[in-house]
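Q: This is the structure, below, for whatever I ask next.
The values are calculated or read from the model by the stated rules, or taken from the named source; none is laboratory data. Owing to the predicted nature of the structure, the values given are computational and were not obtained by experimental measurement. Note that we place each Cβ from the backbone using ideal geometry, even for glycine, and neighbour counts take in every protein chain shown.
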Amino acid sequence: MAAVAMLKRCLLRNRRPFSALSPSPPSSASPPIRGSLSRFVSTLVLAEHEGGLVKQSSLSAIAAAAVVNKEKSVTVLLGGSGLALRKAASHAASCHPSVSQVLVADADILVHPLAETWAELVNFVQHQGNYSHIITTSNSFGKNVLPRAAALLDVSPVTDVVEIAEPHLFIRPIYAGNALCTVRYAGKGPCMMTIRSTSFTLPSCSTETKSVEAPISQVDLSTFDEGSVPKSRWLKLVSQESERPDLGNARVVVTGGRGLKSAENFKLLEKLAEKLGAAVGATRAAVDAGFVPNDLQVGQTGKIVAPELYMAFGVSGAIQHLAGMRDSKVIVAINKDADAPIFQVADYGLVADLFEVIPELIEKLPDKK
Ligand SMILES: Cc1cc2nc3c(=O)[nH]c(=O)nc-3n(C[C@H](O)[C@H](O)[C@H](O)COP(=O)(O)OP(=O)(O)OC[C@H]3O[C@@H](n4cnc5c(N)ncnc54)[C@H](O)[C@@H]3O)c2cc1C
């Protein structure tokens with residue numbers, strides 16, 4: 001294997017919060033939240049579920065709600081119907097000590113998460129519960145539903161929050177993640193936001209899971225109007241059957257770029273992923289070239305990941321790609337161009353031909369138990 005070039009993380013990885021809307025950093029100079037205000041913090045989390053469990057990404061939204069809401073009054077809203085919904089409600093009720101209530105909207109029209117219907121549901125539930133905060137994850141569900149619900153409630157949402165300094169003071173990335181901006185929400189009505197799930201991880205279940213379940217209540221939908229003209233309808237779910245972990249939550253991600261050169265060569269990367277128990281990611285150039293489907297894209301316009309280990313093969317390190325992976329704990333880059341920008345964010349860099357490195361790794365790594 002060719003010589004290893006060890007490169008330190010560049011400044012991009014050590015970003016400091018940049019205060020765009022608020023002139024001073026949140027901790028010292030910003031005015032403290034008054035006690036009376038914090039007493040009225042009540043948070044609604046819009047959650048997704050699958051197979052009778054609340055999705056990992058929604059658990060992160062619950063963890064974020066717990067940061068906003070120190071008084072442990074987090075309400076989780078789930079939609080759907082039947083046994084899967086009941087099981088997910090039970091999971092939500094016991095998943096975090098801050099959850100004080102689970103609201104279940106049980107209706108056939110909510111089985112598939114259509115954005116227009118869900119936005120009307122959020123509007124409906126908000127008028128009954130008058131929550132101070134509405135939080136969901138910054139994924140396709142949250143990005144689809146929250147802005148629509150915010151428009152119905154005449155609220156300006158805060159998106160992609162990575163840190164909550166105070167109940168109305170948030171930190172979020174700007175300029176494709178090159179700077180962090182401190183935003184104070186000063187609007188009326190509920191403070192609505194999407195959070196980055198990679199920034200709010202749930203505490204380990206064994207120590208934090210509640211012994212007592214929060215109460216589960218049905219949302220009374222008898223007066224719910226899903227909107228007169230349906231703007232979209234559910235056709236079908238197309239998903240890749242795979243034993244590998246979900247890209248958004250995987251501990252290890254191996255990503256291929258244009259350097260892989262073909263869809264056929266991506267199979268090599270898949271073999272490596274199998275050995276490592278990793279998820280496969282791709283750059284936009286690899287997706288646009290048709291090597292892999294676009295749900296594998298990592299970056300500004302793809303998925304945001306922050307695994308324990310991120311391995312990039314034949315990836316140049318364009319700013320839009322870095323926006324989706326630079327918070328990974330350890331970054332390893334393999335590129336035959338020693339000047340490739342990916343090396344500026346890599347903890348370990350290997351200047352080598354990926355077509356030599358990947359087969360060697362596959363050969364030498366032990367099989368995953
Ligand atoms: C608005 C906007 C949004 C975007 N969003 C995203 C996004 O979400 N995600 C994203 O990834 N990109 C995004 N892009 C595209 C981005 O700008 C880059 O074009 C893209 O990331 C480049 O992908 P790449 O690194 O695979 O390809 P290239 O830049 O072509 O790099 C290929 C690399 O492979 C190396 N290589 C080639 N052969 C070998 C070999 N045999 N062994 C080792 N190394 C080899 C080369 O040295 C090169 O560094 C976006 C662009 C725009 C304008």
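Q: Can you name the residue in the stretch 81-117 that is among the charged types (D, E, K, R) and more than 20 Å from Lys143 (Cα to Cα) and, of all such residues, is surrounded by the fewest Cβ atoms within 10 Å (Cβ to Cβ)?
A: Result: Asp108.
Q: Identify all residues within the stretch 323-343 that are more than 7 Å from the ligand (Cβ to nearest atom) and surrounded by fewer than 19 Cβ atoms within 10 Å (Cβ to Cβ); write none if there are none.
A: Lys329, Val330, Val332, Ala338, Asp339
Q: Counting only residues that are assigned to a helix (DSSP H, G or I), over 10 Å from Phe266 (Cβ atoms) and near the ligand (Cβ under 6 Å from one of its atoms), which one in the stretch 284-302 is nearest to the chain's Cα centre (by Cα)? Before the answer, list the steps.
A: First pass over the stretch 284-302, keeping only residues assigned to a helix (DSSP H, G or I): 284-288, 294-296.
Remaining after also requiring over 10 Å from Phe266 (Cβ atoms): 284-285, 287-288, 294-295.
From what is left, the residues that are near the ligand (Cβ under 6 Å from one of its atoms) are 284-285.
Details: Arg284: 19, Ala285: 22 Å.
Per the criteria, the residue is Arg284.
Q: Need the failing condition index for Leu268 against (1) under 26 Å from the mean Cα position of the chain (by Cα); (2) hydrophobic (A, V, I, L, M, F, W, C); (3) part of a helix (DSSP H, G or I); (4) under 17 Å from Arg244 (Cβ atoms), just the number.
A: Of everything listed in (1) under 26 Å from the mean Cα position of the chain (by Cα); (2) hydrophobic (A, V, I, L, M, F, W, C); (3) part of a helix (DSSP H, G or I); (4) under 17 Å from Arg244 (Cβ atoms), Leu268 misses just condition (1).
Q: Additional query: Just to be sure I understand, how many residues within the stretch 161-185 are within 30 Å of Glu226 (Cα to Cα) and free of Cβ contacts under 8 Å to residues at least 40 places away in the same chain?
A: Residues that pass the stated criteria total 1.
Q: Glu356 versus (1) within 19 Å of Ser262 (Cβ to Cβ); (2) touching a Phe, Trp or Tyr at 6+ places or on another chain (Cβ under 7 Å); (3) outside any strand (DSSP E or B); (4) not basic (Lys, Arg): which is the lone unmet condition?
A: Looking at each condition in turn, Glu356 falls short on (2).
Q: Out of the stretch 299-327, which residues are touching a strand residue (DSSP E or B) at 6+ places or on another chain (Cβ under 7 Å) and closer than 22 Å to Lys143 by Cβ?
A: Lys303, Val305, Pro307, His321, Gly324, Met325
Every residue, every condition in (1) closer than 26 Å to Leu114 by Cα; (2) in contact with a Phe, Trp or Tyr (Cβ under 9 Å, 6 or more places away or on another chain); (3) among the basic types (Lys, Arg); (4) modelled with pLDDT of 95 or more, yes or no:
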position	(1), (2), (3), (4)
Val158	yes, yes, no, yes
Thr182	no, yes, no, yes
Pro190	yes, yes, no, yes
Phe200	yes, no, no, no
Lys210	no, no, yes, no
Gln240	yes, no, no, no
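Q: On the basis of being within 13 Å of the ligand (Cβ to nearest atom), in contact (Cβ under 8 Å) with a residue 60 or more places away in the chain and part of a helix (DSSP H, G or I), does Gln320 make the cut?
A: yes
Q: Which of the residues that make up the stretch 118-145 are surrounded by 23 or more Cβ atoms within 10 Å (Cβ to Cβ) and either aromatic (Phe, Trp, Tyr) or over 17 Å from Pro190 (Cα atoms) (or both)?
A: Selection gives Trp118, Tyr131, Ser138.
Q: Criterion first (within 21 Å of the chain's Cα centre (by Cα), outside any loop (DSSP other than H, G, I, E, B), within 15 Å of the ligand (Cβ to nearest atom) and surrounded by 13 or more Cβ atoms within 10 Å (Cβ to Cβ)) does Gly281 satisfy it? Working first, answer last.
A: Numbers: within 21 Å of the chain's Cα centre (by Cα): yes; outside any loop (DSSP other than H, G, I, E, B): yes; within 15 Å of the ligand (Cβ to nearest atom): yes; surrounded by 13 or more Cβ atoms within 10 Å (Cβ to Cβ): yes.
Considered against the rule, which asks whether it is within 21 Å of the chain's Cα centre (by Cα), outside any loop (DSSP other than H, G, I, E, B), within 15 Å of the ligand (Cβ to nearest atom) and surrounded by 13 or more Cβ atoms within 10 Å (Cβ to Cβ), Gly281 comes out as yes.
Q: Right, something else. Give the stretch 212-238 a look and list any residue that's aliphatic (A, V, I, L, M) and either under 18 Å from Asn69 (Cα atoms) or modelled with pLDDT under 85 (or both), or say none.
A: The answer is Val212, Ala214, Val229, Leu237, Val238.
Q: For residues in the stretch 174-184 being buried (at least 20 other Cβ atoms within 10 Å of the Cβ) and out of contact with any Leu (no Cβ under 6 Å at 6 or more places or on another chain), which is farthest from Val345 (Cα to Cα)?
A: Thr182
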